[in-house]
Structures are given as structure tokens and as C-alpha cells.
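Structure first, then comments.
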Amino acid sequence: MICFLTSRTDDPATGGLNAANHLIDELRLHVPSPCRALDICSDPDGWEKMDFYAALLKKQFTDAGFSFSQICTLDSRNEAQAAALVRQADLLILSGGHVPTQNRFFQRIGLRKLLADYNGVVIGISAGSMNSADVVYAQPEEDGEAIDPAYQRFLPGLGLTRYNLLPHYQENKDDVLDGLRIYADIACPDSMGKAFYAIPDGSYLFVRDGKAELRGEAYLVQDGTIRQISSDGEVVLL
């Protein structure tokens, strides 16, 4: 299995796939053409939204020169066929969205077990990348979550990597949630004895044969501190 765990795959400036840090070139090396793609949703009942983003992803990849013999979305409409859909796919896309909502769906369909012997390519986007970890750090993101004592910040994940990603760092590094700064007051205290990797859009974690490489700008959140460990264009072997 080869994984590209991204903050997001598209470039807002162009509307197409983001070529930063050689993402498109690397995908061309590993994604067969034509391929059978399966977009695994973040909200199993948000059909209209999921269909919209699936169509957008297809256009972005097609415009970049990728071709599909099949592309479909896995959600509550067809979850009974999850095992067959995963087994026949060359490319799995783990969509972005709300981490706990997606995590519950992944657990419901037994996705971790389905991926145990999967040999294709996985692309994670935002929440999908976060849920790819062995133990997921579900950083609070919606109103009320940061102050809710029942909110679970650590969840069982897919086990595709042992590294925890925090996406969209350039957008949310100064955000405040429930009166708390999401990094200084939430992520940093939660990082005591742990390590999270904050990445801006355009950076990603490349995983192959058990080895993981951070590609592009990245920040290490560990034991209550944040420090930059790489810049755009650089590669860090973890």
C-alpha cells in the first residue's frame, strides 16, 4: 500500500490538483491509468455534498491527466458492499470533513480490517488523513467540542501510519474555538508525551513499505511546543 496523506489535494488558486512538493508527479508514478477509484465519504448521510465533492475530485484528476475506468462513492447508500468496493479499487480517496463523524463511519464498515491486505494507493484529504493514524488525534473543531468533557480527542484509526497530522496549518494556526486558541491552548497541552505534525495545504505525508516522509513545510507539535521542521520543497524522513 502507498499512501499520500494530504492537507488538501487541490490548489485554491487554480481549482486543479496542487502540484506543490511534486504531488502530481508522484501520483502519476503510482496510480494506474485507467484506475478504479473509490471515494470513501466523511459524512455517510450527506449524499448531496459527497456527490458534489466526488464530481469535483473526478474533474480535478481528469484535468491533470488521470483517467478512470470507474469512480464511485462509498457512503450509507452502499455500505453493505464496502468490502467488495474496497477490494476492486486501485485508488481509495479518504475524504475531508468532520473527523469524529468520519471515524464512526470507518468503524461501522470495518474499514481498518478491510485495508489490512489492501495493495493499492490511498489518498487522504484532511480528516481522511487524520483518521489514517493508528490512534487518531481528533483535534476539536466544532463549537462546543473544546469544552465538552465527553468529547473524545483520541480515537482508534485505520492504522495506515503511526503519525498524527493536523491539516490546514496556514489557515487555522491562529484560530480560536470556545474561547481557546486551537494550538496554544488545545493542541499544545494535548501533545504532552505525544507528537503531532501540523502541515499547510500543499504538504503531505508519503507512506510506503512502512517508511514515512513529510514532504513540504511542516511543524512538530510536541510536549507543549511548536517548531518548524521543514520548508516547502524539503523532505523529512520520520
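Here are some notes:
- Of all residues in the stretch 196-236, those satisfying the criterion of being among the aliphatic types (A, V, I, L, M), surrounded by fewer than 22 Cβ atoms within 10 Å (Cβ to Cβ) and more than 17 Å from the chain's Cα centre (by Cα) are LEU220, ILE226, ILE229, VAL235, VAL236.
- Close pairs from the stretch 211-238: first free of Cβ contacts under 8 Å to residues at least 12 places away in the same chain and part of a strand (DSSP E or B), partner surrounded by 15 or more Cβ atoms within 10 Å (Cβ to Cβ) and not aromatic (Phe, Trp, Tyr), Cβ under 6 Å, at least 6 apart: ARG227/LEU220
- Qualifying residue in the stretch 39-53 (condition: crowded, with 16+ Cβ neighbours inside 10 Å, assigned to a loop (DSSP other than H, G, I, E, B), among the aliphatic types (A, V, I, L, M) and within 18 Å of the chain's Cα centre (by Cα)): no
- Counting only residues that are within 17 Å of CYS3 (Cα to Cα) and open to solvent by less than 10 Å² (accessible area, probe 1.4 Å), the stretch 70-88 holds 1 of them.
- Failed criterion for LEU94 (all others in (1) crowded, with 20+ Cβ neighbours inside 10 Å; (2) farther than 22 Å from LEU17 by Cβ; (3) among the hydrophobic types (A, V, I, L, M, F, W, C) hold): (2)
- Only one entry in ALA150, ALA146 is open to solvent by 20 Å² or more (accessible area, probe 1.4 Å), farther than 26 Å from ALA84 by Cβ and of a type in the set (A, V, I, L, M), namely ALA150.
- Failed condition for ALA89, given (1) touching a Gly at 6+ places or on another chain (Cβ under 8 Å); (2) more than 27 Å from HIS168 (Cβ to Cβ); (3) hydrophobic (A, V, I, L, M, F, W, C): (2)
- Selected residue (criterion: farthest from the chain's Cα centre (by Cα)) from residues of the stretch 116-127 that are buried (at least 19 other Cβ atoms within 10 Å of the Cβ) and over 29 Å from GLU142 (Cα atoms): GLY120
- Any hit, the stretch 12-35, residues being among the charged types (D, E, K, R), in contact with an Asp or Glu (Cβ under 9 Å, 6 or more places away or on another chain) and closer than 26 Å to GLY159 by Cα: no
- Residue within the stretch 97-111 that is within 19 Å of MET1 (Cβ to Cβ) and without any contact (Cβ under 8 Å) to a residue 24 or more places away in the chain present: no
The values are calculated or read from the model by the stated rules, or taken from the named source; none is laboratory data. Keep in mind that this is a model prediction, so the values were computed, not measured. Neighbour counts are summed over all protein chains in view; Cβ atoms, including those assigned to glycine, are modelled from backbone coordinates with ideal geometry. Ligands, DNA and RNA are excluded from the accessible area calculation, which covers all protein heavy atoms including side chains. Shrake-Rupley method; radii C 1.70, N 1.55, O 1.52, S 1.80 Å.
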